[in-house]
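Have a look at the structure below before the remarks.
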Amino acid sequence: MSKDNLRKGHFKEHEIIDDDLKSGKSPLWYIIAFFIISVMIIAIFPIYSIRLDPHPKKIPTIDDIVPSLKITDINMTFNRGNFNQFLKPNDPLTKQSATKIATFGCGNNKICQAKSEFYFVRDNFIYVSEYDEYVQSPQEMLATRGGDCDDHAVLLANLMRSIGIYAEFVHVPRHVYVKIYLPEAPKKYLNEEGWIELDPTCKHCEFGEIPRKYWD
């Protein structure tokens, strides 16, 4: 075979390869397309997830909310049969504190704000055993910075209600915690009835978790 024929054959091979690349038949084209699509999915999914389930950028300390506070509101009576008597979300100090906590590390997302209120109580207050006959008000808790499960629950429920999130108390043997109604939250946080259960005295519990012993 002459050199001219070899050159012509070589050029034809290149022409065939070029035609395959132009028509999208080359395996390399599929690999590149798959890579681009994968990168787009990886980039988009976290952004979409953050929008659905945002987390506070920072949880404030008590000093960030109330630098100094004197105990002026003292509760000397307690009716165990009417625990809701301690729900006073429109109290100025409670309302101002709840709003400041919600806006400290969140925008206007309700789920993020609810997390801020929960983690604020969970992370800033020390569990201290007290007599069953006495329950601290939110103002007292902000001043003393410690209390039992009753005190933690009362503070958290008031903070939640102050920012428009409906909260109720959950009573179990020798313990009380809080549940909130937030139907727009991801299903992983909701119990069978559609509520989010929160125990601020459980230091290892995340948002929507309660100790295993209270599951039933």
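Every number in this text was worked out from the coordinates using simple rules, so none of it is lab data. Everything numeric in this text was worked out from a predicted model, so none of it was measured. All Cβ positions, glycine included, derive from the backbone under ideal geometry; neighbour counts span all protein chains shown.
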- Amide H neighbours of residue 170 under 5 Å, counting only residues 5+ apart in sequence or on other chains, H built in-plane at 1.01 Å? 177, 178, 179
- Query: Do any chymotrypsin sites (Phe, Trp or Tyr not before Pro) in region 122-164 lie in a loop, going by DSSP, with at most 10 other beta-carbon atoms within 10 Å of their beta carbon, and if so which?
  - Reply: 131
- Message: Loop only by DSSP, 14 or fewer other Cβ within 10 Å of the Cβ. Give me the chymotrypsin sites (Phe, Trp or Tyr not before Pro) in region 179-216 that pass, ordered by residue number.
- Response: 215
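If we sort 147-154, 173-180, 158-165 on the protection proxy, mean other Cβ atoms within 10 Å, highest first, what's the order?
Answer by packing, highest mean first, reads 147-154, 158-165, 173-180.
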- At R0 = 25 Å, FRET efficiency that the Cβ-Cβ distance of residue 193 and residue 82 yields, to 0.05: 0.60
